[in-house]
1. Tell me, which strands (runs of 3 or more DSSP E) lie completely within region 1-96 with 3 or more residues that are aliphatic (A, V, I, L, M)?
2. Pull out all pairs, ordered by first then second residue, where Cβ-Cβ is under 7 Å, the residues are six or more apart or on different chains, the first lies in region 25-41 and is of a type outside the set (A, V, I, L, M, F, W, C), and the second is exposed (fewer than 11 other Cβ atoms within 10 Å of the Cβ).
3. Return yes when V34 is loosely packed, with under 12 Cβ neighbours inside 10 Å and either modelled with pLDDT under 85 or hydrophobic (A, V, I, L, M, F, W, C) (or both) and no when it is not.
4. Hey, can you tell me all the residues within region 1-28 that are hydrophobic (A, V, I, L, M, F, W, C) and either within 13 Å of L60 (Cα to Cα) or under 14 Å from the mean Cα position of the chain (by Cα) (or both)?
5. Suppose we keep only residues that are among the hydroxyl-bearing types (S, T, Y), touching a Leu at 6+ places or on another chain (Cβ under 9 Å) and farther than 15 Å from I33 by Cα within region 60-114. Which one would you say is surrounded by the fewest Cβ atoms within 10 Å (Cβ to Cβ)?
Amino acid sequence: MNYLEYIYDAVNAATAVPVYTYAAPQGVAEDFIVIQFNGLGVTETKDGYKAERAAATLFLHFLNADTAQSTLQTVRDYIATQHSTFKYGYMDGLQMFYNEDDETVILAADFNFLINY
């Protein structure tokens, strides 16, 4: 099972901006999202039932803070519904950064994706 691919598919389906995994493009002046896969937690019961939780951080690089927040809301709503390959997904935390060099906003949103729960 490729967890990063599932996360990418869910985020990419929720937004029209380009989505990348692990590395951001250099010298790009458009809005984009970068996904960093943080880990996987697996719990198994005595009868062999497995519950999995994948954790990822979405870095939203945007020229406008309002657009970034609106896009994050759209992605969050999409992930929280049954429309993705996960049983349930939710945002766990958020940090906001301002890049003075580019005059851009970066939102770092931590998500958990529950699989087989």
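The values are calculated or read from the model by the stated rules, or taken from the named source; none is laboratory data. Remember, it's a predicted structure, so these values are computed and weren't measured experimentally. No Cβ is skipped: glycine too gets one built from the backbone with ideal geometry, and neighbour counts run over all protein chains shown.
1. 32-44, 50-62
2. From residues that are of a type outside the set (A, V, I, L, M, F, W, C), the pairs are Q36/Y22.
3. no
4. Within region 1-28, L4, I7, A10, V11, A13, A14, A16, V17, V19, A23, A24 qualify.
5. The residue in question is Y90.
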